[in-house]
Amino acid sequence: MDLPRMVAVLHAHNVEFLVIGGIAARVYGSARITQDVDLVYARSDANIGRLVKALAPFNPYPRGAPPNLPFEWSARTVKAGLNFTLATTLGAVDVLGEVTGGGAYENLAGHCVTERMFGHPTLVISLPWLIRLKRAAGRVRDFEAIAELELLQDLQKHTP
Amino acid sequence: MGYYNGMNQTSAAALLREARDHGALSQRALADAAGTSQSVVGRIEAGLASPSVDTLARLVEAAGFELKLVLEPGSGPDAVIEAYKPGIDQSLLIENLRLSVDGRLQINTHFNQAFDEVDRERLKRAERNP
């Protein structure tokens, strides 16, 4: 996954997005390696247009789907759908219109911090909200990740 | 570690500003309607003053809204999650916290590059030995 380029490309196209998931966990010090990036994007027409344009050069295609499906990465497709798990030439990216327990971009943006990621001020879901989202997702594979995030929260509280 | 974005109801300041914006009122007009001064409104919106619940309720009512406070149960410790904690190497976390955000992300990138390399090698071998 070429995260620096992914972040740069999204900012270059002024895409309104925020980062959740494993990359957000890394931002807070998680030791877990993640192979995809989870982004929540604003569902306005203008932003969908920017998102589509930003990712188009990197051949987005449904991750794990058989080849040669009639999939078209377009504003029409994104408007008709909501959450897309994509393979791109920059790596795996989950492009999410809504997330369980957090809702849409507008709901989550108020629960973010701004972090410089590779030189770009980027909205990242706050640590308490990251834990909340992972709890809401209720996936067994997240249990250890939640435990780690809670430990990080404690460590941050006790780190000057 | 950055700052809270404060776009909506996460603070009295953002809440009041949002209510006033929706009510299309200036700070002074809102203050007059609520029977207070513009400087009080300005200080709250700037995050320089923390209003009491009563004061905040009065101000948002003057903007045409009703303040509702909701108690939600907190998410206390979960026994299953707690059971995972002793097995987590905290020294690694402490080490990561000493790094910059980019440093933390770059480690992830390096691992991913290594995974990609392994995948490519595996693919080559599969092609050589179908």
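The values are calculated or read from the model by the stated rules, or taken from the named source; none is laboratory data. In this text the structure is predicted, and so the values were computed from the model without any measurement. All Cβ positions, glycine included, derive from the backbone under ideal geometry; neighbour counts span all protein chains shown.
Cβ-Cβ distances below 6 Å connect the following pairs, each with a first residue in the stretch A:1-28 that is at the interface with chain B (Cβ under 10 Å from one of its Cβ atoms), a second residue that is hydroxyl-bearing (Ser, Thr, Tyr) and assigned to a helix (DSSP H, G or I), and a separation of six or more residues or different chains: A:Leu3/B:Thr109. With the structure loaded, tell me whether A:Asp45 is buried (at least 19 other Cβ atoms within 10 Å of the Cβ), out of contact with any Ser or Thr (no Cβ under 7 Å at 6 or more places or on another chain) and acidic (Asp, Glu) or whether it fails that test. Taking the combined requirement at face value, the residue does not satisfy it. Within the stretch A:126-142, none of the residues are closer than 29 Å to B:Asp89 by Cα, acidic (Asp, Glu), touching a residue at least 60 places away in the same chain (Cβ under 8 Å) and in contact with a helix residue (DSSP H, G or I) (Cβ under 8 Å, 6 or more places away or on another chain).
Among the helices (runs of 4 or more DSSP H) confined to the stretch B:31-130, the ones with at least 1 residues that are within 13 Å of chain A (Cβ to nearest Cβ) and out of contact with any strand residue (DSSP E or B) (no Cβ under 7 Å at 6 or more places or on another chain) are located at B:79-84, B:90-98, B:101-128. Between B:Leu99, B:Leu123, B:Leu30, B:Leu93, the distinction of being of a type in the set (A, V, I, L, M, F, W, C) and in contact with an Asp or Glu (Cβ under 9 Å, 6 or more places away or on another chain) belongs to B:Leu93 only. Pairs linking a residue in the stretch B:51-69 that is more than 19 Å from B:Gln27 (Cβ to Cβ) to a residue that is assigned to a loop (DSSP other than H, G, I, E, B), with Cβ atoms under 9 Å and 6 or more positions apart or on different chains, are B:Val53/B:Leu67; B:Val53/B:Leu69. Here B:Leu15 clears all of (1) touching a helix residue (DSSP H, G or I) at 6+ places or on another chain (Cβ under 9 Å); (2) away from chain A (no Cβ under 14 Å); (3) at pLDDT 80 or above; (4) at negative phi except the condition numbered (2).
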